[in-house]
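Below you'll find the structure, written out as structure tokens, and then a few comments.
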Number of protein chains: 4
Amino acid sequence: MFSVKLVSYTRDGERVVAIASKMSRSRKGWSHHEETMSDEEAETWIKDAVLHGYWSPLEHSSYTFSIEGVSRVASHQLVRHRIASYTQMSHRFAKPVDEYYQPIVPPSMEKRAAELAEKGYKEAYDVYFSLLSQGVPEEDARYLLPNGVNTNVVVTMNARELYNFFSLRLCSRAQWEIRKIAWAMLDEVKKVHPRLFKYAGPSCLIHENFIREKPMTLETLGTFVSERCIEGVTRDGIVKCISNSKHF
Amino acid sequence: MFSVKLVSYTRDGERVVAIASKMSRSRKGWSHHEETMSDEEAETWIKDAVLHGYWSPLEHSSYTFSIEGVSRVASHQLVRHRIASYTQMSHRFAKPVDEYYQPIVPPSMEKRAAELAEKGYKEAYDVYFSLLSQGVPEEDARYLLPNGVNTNVVVTMNARELYNFFSLRLCSRAQWEIRKIAWAMLDEVKKVHPRLFKYAGPSCLIHENFIREKPMTLETLGTFVSERCIEGVTRDGIVKCISNSKHF
Amino acid sequence: MFSVKLVSYTRDGERVVAIASKMSRSRKGWSHHEETMSDEEAETWIKDAVLHGYWSPLEHSSYTFSIEGVSRVASHQLVRHRIASYTQMSHRFAKPVDEYYQPIVPPSMEKRAAELAEKGYKEAYDVYFSLLSQGVPEEDARYLLPNGVNTNVVVTMNARELYNFFSLRLCSRAQWEIRKIAWAMLDEVKKVHPRLFKYAGPSCLIHENFIREKPMTLETLGTFVSERCIEGVTRDGIVKCISNSKHF
Amino acid sequence: MFSVKLVSYTRDGERVVAIASKMSRSRKGWSHHEETMSDEEAETWIKDAVLHGYWSPLEHSSYTFSIEGVSRVASHQLVRHRIASYTQMSHRFAKPVDEYYQPIVPPSMEKRAAELAEKGYKEAYDVYFSLLSQGVPEEDARYLLPNGVNTNVVVTMNARELYNFFSLRLCSRAQWEIRKIAWAMLDEVKKVHPRLFKYAGPSCLIHENFIREKPMTLETLGTFVSERCIEGVTRDGIVKCISNSKHF
């Protein structure tokens, strides 16, 4: 069953990011800032960092997700993000038997070819099991398992890398499954650190906020000044495109 | 068809590593060392760096491999090495049709279950094609393709990361396919930079050379002083284990 | 004033590391393990990971330190560790005036040349101030400030990188100041996560535990089986050498 | 003496980047593309990658620089770029005596306070030497050496990281010395790989090319569509600002 859960994070991450930002401009030590910084001031330091691309203080706050019930297609794309930490269910050692074989059916198949997909997944599983029963070791038998087989991954990213991950994977050009994961991750972090992730979004929004005076958020999208986004969508289409990117 | 080819590398990599090593101990500039360093001296600086774990100068020499005809199982393991650069054939956009569908059959299957594997791969391919013909897009149809389907990856690693990669993936505990890739990569780099990769090997050998007086190479394995390797193989079994690791 | 303080960390880091380790071997999801894993089981998973060099699960737990009152010599060495996050007091923008100019006097100077050091630091400060008063901007005037001038750095490392950092910087071969920082960081993390950092130590100890049957800790050092450590200290001298490394 | 020299690089780097880009879209292997790709086609693949922010193929081409006669101020800023490899002259082990003590005098000092700077550097050197003669070890005596003392660094970055480094350090907001280094590095790589670095520039230019139809280069700067750059310079001032950034 698809599930994205924030299982651990830097509790005081927003303050940590804000204090670190301020310390680069100050001679005073951590304790001084911890005692004197108000929540409003913290928000200002965070906002300044994000909108000017001073990303490094955002690295001091980390987020661990348990991402479950996703395909090996998605996990393969996910682990390509190198500034992150992964622990992945090993198909070498953990048999996908019985109740745990729940391969992912893409929405485009559900509509058009649900039966065929089911048949394919079933056949593959039968072959896999026959191979095991003929003495082929698990780590080799899985060569016959489909890419769509479900897996679990534990992922840790810091806030800076999350901004980068979101900029790429919230975009409507990303594949539906990793896009779905990305939007679910954004929901999770916004719940606990709304100030830190206020300006997160696909790359169109990030770049737009770099080059315009008044910042926008996903909740307050207005007219873009950019002629086009990095993927080639023109000004008039961008807001619609962002809206589309939430459909999986 | 399985193939590992070194397609580009730092031509003068051995000298670059040696000169960089020496510059950390000297006030003189690059030109001076480039003009005065003999090949024997270069070899000494390299040897010292490797045997004492001063890895950083080895980062200045890079190696690009085209790894072709390997499974998605292997490529998924490969890209977990984060200090490296990858360009992977995208199954989102490149159809594995016709002549290009040549899934990998593990040796353990060839002996015991060759027909079954062939049947499984064939069925999966048929389902894949039917999905395409019913209008399912390629990026989704591939969920039904097996993990064993062949792919190509371009990989760049520097000499330090290669030492680390080899220490993990030449080991007999690694899966046969990535082990086969690792041994083939070692062959390639030893051909062009024999001095730089003289002491490369699985982690048992690397660690052994750290804690003993006289270094060994894969070609001159003798008695280990370590009680056991990091994987638990005891002293008497290590040489045999290394020898086994070359069988795929 | 020298100070190393753990200002933020992954509160449940030990459990996070243990659960992540277990998930790589299991089909079950995070909630299941979170509910069923005892503290004893957690300790076993951590111990196994560290003693076998399966470092990746340790990346899920992060630690943020405020390191204050250290020299630019030490901060320059510190930021060479690339798998970490830094926010450093900028000498471009923050003047080291008045009460904040407290340059570091190495112990070797205190004994032999305290007055000379004081004189040197005083002269440098006078030149710095004269430059400022003649209109040289701060970012340039600081070229005349000594390397020993005090600075503050905020550092975040995960537990895996800390093990690596400790292996290099607790060693008696490291310079006294970064060694002092490293031992202070170890104290801090051992207070909050004693199980996770039980086996941390200089590289001699880490390597020794890889290749021997029964593990040792800094508190239970016995006879080494290694002929020598990576730095060339022979078996009989290692325990003494570790003890020396705590003197600054 | 200030000097930035490209001492090694991936000879066929432009073709390697282009072929890797193409392989992500193709089923065919390296040899096929190497034999069939024209120089014009190579240029197109490179251009597409850069202008759409598909940076990963650019990682396959690496560049090693020997940067000599720069200050510890600059080297400290330089090594903050973590996706790169460094070998730095160690002041722990290499004495900056005699002919090698040539501290850097910032231009702002040359005009206003040349004598004072000279005096300060001279005094510091005298203290340093007295400390050595009183038995203070080199690694400690250097605490009294000024930040402006000259050093040498060997740096390796790949083309992707260079684009990022240039975007930050060619900018007029960067300090004059690292900016001077960055412009010298750009000159060096443009000589050998003009097609690969055609669109390199400060972040204003990079971002501008992402969001406009027709790309510009440093040689063909026209009117910006961005309201402002990431540092807050408004549209009308950007071209002038880029021009200023080349004055040190």
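No value in this document is a laboratory result; all are computed from the given coordinates. As the structure is a prediction and not an experimental result, all values here were calculated from the model. For neighbour counting, all protein chains shown are included, and Cβ atoms are generated from backbone atoms with ideal geometry for every residue, glycine included.
Each copy carries a label point for residue A:28 at 7 Å from Cα along the beta-carbon vector; from one copy to the others these points are 5.0, 5.3, 6.6 nm apart, nearest first.
Solvent-free Debye calculation, one equal scatterer per alpha-carbon of segment B:1-51: log10 I(q)/I(0) at 0.13, 0.30 Å⁻¹ equals -0.38, -1.19.
Taking Cβ atoms as reference points and 12 Å as the exclusive limit, the residues near residue D:127 contribute a net charge of -1, counting Lys and Arg as +1 and Asp and Glu as -1.
The aspartates and glutamates within cross-link reach of residue C:190, meaning a Cα-to-Cα straight distance under 17 Å and a gap of 8 or more places when in the same chain, are C:12, C:14, C:39, C:43, C:59, C:161, C:219. Along its three principal directions, the equivalent ellipsoid of segment B:1-117 from the Cα gyration tensor extends over semi-axes of 43, 16, 13 Å, largest first. Cross-linked pairs C:119/C:246; B:5/D:191; D:47/D:240; B:47/B:214; B:22/C:180; D:28/D:198: Cα-Cα separations exceed 18 Å for C:119/C:246; B:5/D:191; D:47/D:240; B:22/C:180; D:28/D:198. Comment: the Cα-to-Cβ extended label point of residue C:83, at 7 Å, lies 0.7, 1.6, 1.7 nm from its counterparts in the other copies, nearest first.
This model, with +1 at the C-beta of Lys and Arg and -1 at the C-beta of Asp and Glu, gives the protein assembly as shown a dipole about its Cα centre of some 0 debye.
Geometric descriptor of segment A:96-148, per residue, is 69 Å³ (volume of the convex hull of the Cα atoms). For the rotational copies A and C, the chain A residue with its Cβ nearest the relating axis, together with that separation in Å, is A:62, 2. A Cβ-based charge dipole, computed about the Cα centre of segment B:119-248 with Lys and Arg at +1 and Asp and Glu at -1, lands at about 620 debye. Projecting the Cα atoms of A:226, A:136, A:170 onto the charge dipole of chain A (Cβ charges, centred on the Cα centre) puts A:226 farthest toward the positive pole.
The mean sequence separation of alpha-carbon pairs under 8 Å and at least six residues apart, normalised by the residue count of chain A, gives a relative contact order of 23 percent. In nanometers and ordered shortest first, the copy-to-copy spacing of the residue B:54 label point, defined 7 Å from Cα toward Cβ, is 3.5, 3.8, 4.3. Applying a DSSP loop filter and a limit of 12 other Cβ atoms within 10 Å to the GluC sites (Glu not before Pro) in segment B:173-213 leaves B:213. Distant-in-sequence amide contacts of residue A:9, defined by a placed amide H-H separation under 5 Å and a gap of 5 or more residues or a different chain, comprise A:64.
Working note: Karplus 6.51/-1.76/1.60 with θ = phi - 60° gives segment D:120-135 the couplings x, 4, 5, 4, 4, 5, 4, 4, 3, 5, 5, 4, 4, 6, 8, x Hz, where Gly and Pro are set to x.
Principal semi-axes of the equivalent ellipsoid, √(5λ) from the alpha carbon gyration tensor of chain A, are 40, 24, 12 Å from largest down. Annotation note: chymotrypsin sites (Phe, Trp or Tyr not before Pro) in segment A:1-104 located in DSSP loop regions with a Cβ neighbour count of at most 13 within 10 Å are A:93.
Here the 3J(HN,Hα) profile of segment A:13-19, calculated from phi with Karplus coefficients 6.51, -1.76 and 1.60 at θ = phi - 60°, is x, 5, 5, 4, 4, 5, 5 Hz, Gly and Pro shown as x. To the nearest 10 degrees, how steep is helix A:159-169 against the longest Cα principal axis of chain A, on a 0 to 90 scale? That works out to roughly 60 degrees. Measuring how big segment A:54-165 is from its alpha-carbon positions, Rg and Dmax come out at 17.2, 58 Å. Rg over Rh for the protein assembly as shown works out to 0.95, both radii taken from alpha-carbon positions and Rh defined as the Kirkwood radius.
When chain C is treated as a Gaussian network with alpha carbon springs shorter than 10 Å, the biggest mean-square fluctuation among C:66, C:75, C:85 belongs to C:85.
Taking amide H positions as placed 1.01 Å from N in the peptide plane, with prolines and chain starts having none, which residues 5 or more places from residue B:150, or on another chain, fall under 5 Å of its amide H? Close amide H contacts, sequence-distant or interchain: B:102, B:104. In order along segment D:183-188, phi translates into HN-Hα couplings of 5, 5, 5, 4, 4, 4 Hz, rounded to whole numbers, per the Karplus curve 6.51 cos²θ - 1.76 cosθ + 1.60 with θ = phi - 60° and x for Gly and Pro.
Computed about its Cα centre, the charge dipole of chain D is approximately 560 debye, with only Lys, Arg, Asp and Glu carrying charge at their Cβ.
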